[in-house]
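Participant: Could you have a look at this structure, given as structure tokens, before my questions?
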Amino acid sequence: MTTTRRSFLAVVAAGSAATCLAGLPGCATPLSGTYSAGNIADLAEGGTLPVDGAPLVVMRDATGVWAMTTICTHLDCDMLQQGSVTASALVCDCHASTFTPDGDVVSGPANQPLDNFAVTIDAEGAITIDADTPVDAGTRTPVV
């Protein structure tokens, strides 16, 4: 049996689709929409607050609160599941990429920073992340 270019590419595409459907690294779904991220009362200065059910983390320092993805920009591993997310660094266990608390790359193989998103805090202290509104690293939402 002769393998044509078309049949070869069809097999490769089917394999790639199966890999993504299996939820393996390299196939992260882009974040979109808004996410509830707990209450500001649960996030001390210098702390981190992972978002239930989403590859997101909220952090707080003396100037305010910010949120970013925990999906490594190298091969889409979620550092909440395959790594560590702390107030001092995010580290991906897949290939040892390291990021600052603002999402900037410290060491690769990742060469792109993590996405940061807009954060709002309502009058009751509820934190909401808007993944459809990217912001620059270093952007903080003040805690009042």
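The values are calculated or read from the model by the stated rules, or taken from the named source; none is laboratory data. All values reported here derive from a predicted model rather than from experimental measurement. Don't worry about glycine lacking a Cβ; one is built from the backbone with ideal geometry, like all the others, and counts go over all protein chains shown. The protein model used for the area step is the full one, side chains on, heavy atoms only, and it has no ligands, DNA or RNA in it. Shrake-Rupley method; radii C 1.70, N 1.55, O 1.52, S 1.80 Å.
Participant: Inspect region 77-89 for any residue being more than 14 Å from the chain's Cα centre (by Cα), of a type outside the set (Phe, Trp, Tyr), at pLDDT below 95 and open to solvent by 60 Å² or more (accessible area, probe 1.4 Å) and give the result as yes or no.
Facilitator: Checked against the condition, which is being more than 14 Å from the chain's Cα centre (by Cα), of a type outside the set (Phe, Trp, Tyr), at pLDDT below 95 and open to solvent by 60 Å² or more (accessible area, probe 1.4 Å), region 77-89 yields at least one hit.
Participant: Kindly indicate whether Ala54 is among the hydrophobic types (A, V, I, L, M, F, W, C), open to solvent by 60 Å² or more (accessible area, probe 1.4 Å) and either modelled with pLDDT of 95 or more or in a loop (DSSP other than H, G, I, E, B) (or both).
Facilitator: Considered against the rule, which asks whether it is among the hydrophobic types (A, V, I, L, M, F, W, C), open to solvent by 60 Å² or more (accessible area, probe 1.4 Å) and either modelled with pLDDT of 95 or more or in a loop (DSSP other than H, G, I, E, B) (or both), Ala54 comes out as no.
Participant: Are any of the residues in region 119-137 more than 18 Å from Tyr35 (Cα to Cα), outside any loop (DSSP other than H, G, I, E, B) and not hydroxyl-bearing (Ser, Thr, Tyr)?
Facilitator: no
Participant: Just give me the residues in region 93-118 being assigned to a loop (DSSP other than H, G, I, E, B) and touching a residue at least 60 places away in the same chain (Cβ under 8 Å), in sequence order.
Facilitator: Cys94, Asp115
Participant: Given the conditions (1) in a loop (DSSP other than H, G, I, E, B); (2) at pLDDT 90 or above; (3) under 19 Å from Asp136 (Cα atoms); (4) not hydrophobic (A, V, I, L, M, F, W, C), report the number of the one that Gly46 does not fulfil.
Facilitator: (3)
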